[in-house]
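Below you'll find the structure, written out as structure tokens, and then a few comments.
The values are calculated or read from the model by the stated rules, or taken from the named source; none is laboratory data. Predicted model, so just to flag it, every value in this text is computed and none were measured. We place every Cβ from the backbone using ideal geometry, glycine too, and count neighbours over all the protein chains shown. Accessible surface is based on the protein model in full, side chains and every heavy atom, while ligands, DNA and RNA are left aside. Shrake-Rupley method; radii C 1.70, N 1.55, O 1.52, S 1.80 Å.
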Amino acid sequence: MLDELKEYGVTLDEVLALLNGEVAFYARPAGIIPELTLVLEPKNAAAALATIDTLMEHLAAESGGKVESGTQDGHPVKTVDLGNFAIHYGAADGKKVILTSGLKGIADYGASGDRFPDSADFKEEKDAAGMPDSTGGFAYVDVKDVLPLLEGLAALSGKSLPSEVTDNLSPLRSFLAWSEGGSDSRTYDAFLQIK
């Protein structure tokens with residue numbers, strides 16, 4: 001792994017520094033393929049962007065793509081065009097670094113409007129699970145909305161999901177997992193809602 005990182009012009013410490021703060025990953029509907037977004041809050045956003053720049057330049061060179069500069073709603077953004085897929089990245093609030101497949105993912109991140117924590121589905125799941133407001137981290141999957149996505153992706157490949165898969169997944173509503181505690185002791189809880 002260290003040799004691979006060296007080939008990309010970065011050190012393991014630089015990659016780990018990207019993840020040394022709060023990290024969020026989410027997917028949201030966006031046509032056929034969902035928008036995938038990774039939000040990082042490293043201690044040094046400028047250093048994190050420099051590391052990502054180096055990684056993306058090497059990725060673009062390997063794939064025959066290129067890195068282009070632009071803006072999204074006034075935010076400086078760089079885009080790595082990989083042919084059938086693009087990665088957009090930049091900073092928001094001067095603290096967060098965002099990597100997204102969404103054409104407006106960085107601009108949308110800071111825009112006003114509905115937010116995930118305000119989602120009725122998430123609030124219902126959180127209350128049913130008994131998850132506290134403050135956690136060491138959590139993962140949430142809205143399974144009822146993932147099933148149609150999986151069916152759509154299978155259809156794109158000219159296949160369909162086996163009926164036993166859809167029959168087994170259709171009663172699942174959502175999945176929530178979280179951790180609590182400090183460095184001495186930590187608990188992990190998970191809750192699967194079935195209806």
Within the range 40-63, which residues are open to solvent by less than 20 Å² (accessible area, probe 1.4 Å) and of a type in the set (Gly, Ala, Ser)? ALA45, ALA48, ALA60
State whether one or more residues within the range 185-194 are surrounded by fewer than 13 Cβ atoms within 10 Å (Cβ to Cβ), assigned to a strand (DSSP E or B) and in contact with a Phe, Trp or Tyr (Cβ under 8 Å, 6 or more places away or on another chain). yes
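I want to confirm something. Restricting to the range 6-39 and keeping residues that are part of a helix (DSSP H, G or I) and crowded, with 17+ Cβ neighbours inside 10 Å, which single residue is nearest to the chain's Cα centre (by Cα)?
Residues of the range 6-39 part of a helix (DSSP H, G or I): 6-7, 12-18.
This time we only want the ones that are crowded, with 17+ Cβ neighbours inside 10 Å, so: 14, 17-18.
On the way: GLU14: 20, ALA17: 17, LEU18: 14 Å.
Only one residue fits best here, namely LEU18.
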Among (1) modelled with pLDDT of 85 or more; (2) open to solvent by 70 Å² or more (accessible area, probe 1.4 Å), the one test that SER157 misses: (1)
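How many residues are closer than 22 Å to ARG28 by Cα and either in a strand (DSSP E or B) or β-branched (Val, Ile, Thr) (or both) when one looks only at the range 54-104? Before the answer, list the steps.
Applying the first criterion (closer than 22 Å to ARG28 by Cα) to the range 54-104 yields 71-73, 75, 77-93, 96-104.
Add one more test, that the residue is either in a strand (DSSP E or B) or β-branched (Val, Ile, Thr) (or both), and what stays is 71-72, 75, 77-81, 86-92, 96-100.
Looking only at that region, the number is 20.
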Of the conditions (1) open to solvent by 50 Å² or more (accessible area, probe 1.4 Å); (2) part of a helix (DSSP H, G or I); (3) in contact (Cβ under 8 Å) with a residue 12 or more places away in the chain; (4) closer than 23 Å to THR37 by Cβ, PHE175 clears all except one; give me its number. (2)
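Out of GLY65, GLY94, I need the residue that is of a type outside the set (A, V, I, L, M), touching a residue at least 40 places away in the same chain (Cβ under 8 Å) and touching a helix residue (DSSP H, G or I) at 6+ places or on another chain (Cβ under 8 Å). Which one? It would help to see each step written out before you state the result.
Values: GLY65 fails: touching a residue at least 40 places away in the same chain (Cβ under 8 Å).
Selected residue: GLY94, the only one of GLY65, GLY94 that is of a type outside the set (A, V, I, L, M), touching a residue at least 40 places away in the same chain (Cβ under 8 Å) and touching a helix residue (DSSP H, G or I) at 6+ places or on another chain (Cβ under 8 Å).
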